[in-house]
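> Before we start, here is the structure in question, set down as structure tokens.
Read-outs throughout are calculated quantities, based only on the coordinates presented, and are distinct from any laboratory measurement. Bear in mind the structure is a predicted one, so any value in this text is a computation, not a measurement. Ideal geometry is used to build each Cβ from the backbone, glycine not excepted, and the neighbour counts take in all protein chains shown.
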Amino acid sequence: MTRLEQLTPQDHEPALGSHLVTRRRGYLHHGIYVGNGRVVHYSGLASGLHRGPVEEVPIDRFTRGQSVWVKFHATSNFDAQEVIERARSRVGEDGYRLLTNNCEHFCEWCLRGEHRSYQVDALLERLRVLRATVRFVAQSIPSFGRAAGSPTRASSDA
């Protein structure tokens, strides 16, 4: 079971190795809290449309003034120190890919050794449903999908 708890200004710092989440325009951005007010994250598209590397930054740079939540997982496969070591071991990596190697993939790998993004999974599922819906509608409407100006049986008999 996964849950998010918002950090408030009254809260002390999150636990070491915590999975942090903050909002961006159209998606959630993920990072690993490594202590002393710092977060390791795949900067990716966090700074605009150009790709960025895995980096360690102050938490306020990570959040960019937005609220921050701690994502609680059912289990992590590693203790907090190992999560931090795993995160820091990838600092400088510059292979960001939106659908296959993003900030959530990075955090899931740090915590569980699993390269996965639930946001990407959800997007791909919505696209599969949309494609199936379009296919169903196209098959339900006889003339849907016919090229404009294609002769119909009635007009070709004339």
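> Whose amide H sits under 5 Å from the amide H of GLY35, counting only residues 5 or more places off or on another chain, with H placed in the peptide plane?
For GLY35, whose amide H was placed from the backbone, the distant partners under 5 Å are GLY17.
> Based on alpha-carbon positions alone, could you give the equivalent ellipsoid semi-axes of the range 18-136 from the gyration tensor, as √(5λ), descending, whole Å?
26, 16, 13
> Sticking with this structure for a sec: Could I have the simple spin-label model distance between THR133 and PHE72, label points 7 Å from Cα toward Cβ, reported in nm to one decimal?
About 3.4 nm separates the two model spin labels.
> Across the range 107-117, in residue order, what do the Karplus-derived ³J(HN,Hα) couplings come to in whole Hz, using 6.51 cos²θ - 1.76 cosθ + 1.60 with θ = phi - 60° and x for Gly and Pro?
5, 4, 5, 4, 8, 10, x, 10, 8, 8, 10
> Which whole number in µm²/s is D for the range 84-132 by Stokes-Einstein, with the Kirkwood Rh taken over Cα pairs at 10 °C and 1.306 mPa s?
Rounded to a whole number, D works out at 135 µm²/s.
> Taking 0.36 nm per residue of separation and subtracting the Cα-Cα distance, what length does fully extending VAL57 through ALA80 add?
6.4 nm
> Under 5 Å between amide hydrogens, which residues at least 5 positions from LEU7 or on another chain qualify, with H placed 1.01 Å from N in the peptide plane?
Those qualifying (amide H under 5 Å, at least 5 residues apart or on another chain) are VAL68, TRP69, VAL70.
> Taking the Cα-to-Cβ direction at ASP121 and at ARG24 and moving 7 Å from each Cα, how far apart do the two end points lie in nm?
Each label point lies 7 Å from its Cα, and together they span 2.0 nm.
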